[in-house]
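Enquirer: Encoded as structure tokens, here's the structure I'll be asking about.
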Amino acid sequence: MSPLVAAAVRPWLVPAHRASAATTVSYRIWHWNIAGHAYHLGSTTDRIIEAIRGSISYRSPDFVSVHEIATASTTR
């Protein structure tokens, strides 16, 4: 078993590290709750993807999340 797999299976094999109180890390997070079904019926042909891409590109975030991009139902 490789050391990485062993560590994943048995976490006590990985030495504990103390977090430094002096360390501060900042992240830029981009999130959009699209309300996909309510406003654009889950469509990806109404330029929503381009709007998302442009907004992300402009802001250059570290993490991205999108909520409700798809239709609420699989039937139309």
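Enquirer: Cβ contacts < 7 Å: first residue β-branched (Val, Ile, Thr), restricted to the stretch 51-65; second residue open to solvent by less than 80 Å² (accessible area, probe 1.4 Å) and assigned to a helix (DSSP H, G or I), any location; separation 6+ or different chain. Result?
Expert: Qualifying pairs under 7 Å: VAL64/ILE56.
Enquirer: Further, regarding this structure: Out of everything in the stretch 38-76 that is surrounded by 15 or more Cβ atoms within 10 Å (Cβ to Cβ) and either in contact with a Ser or Thr (Cβ under 6 Å, 6 or more places away or on another chain) or of a type in the set (Asp, Glu) (or both), what residue ends up being modelled with the highest pLDDT?
Expert: GLU68
The values are calculated or read from the model by the stated rules, or taken from the named source; none is laboratory data. Quantities reported herein were computed from a predicted structural model and do not represent experimental measurements. Note that each Cβ is placed from the backbone with ideal geometry, even for glycine, and that neighbours are counted across all protein chains shown. Side chains are part of the model used for accessible areas, which takes the heavy atoms of the whole protein and leaves out ligands, DNA and RNA. Shrake-Rupley method; radii C 1.70, N 1.55, O 1.52, S 1.80 Å.
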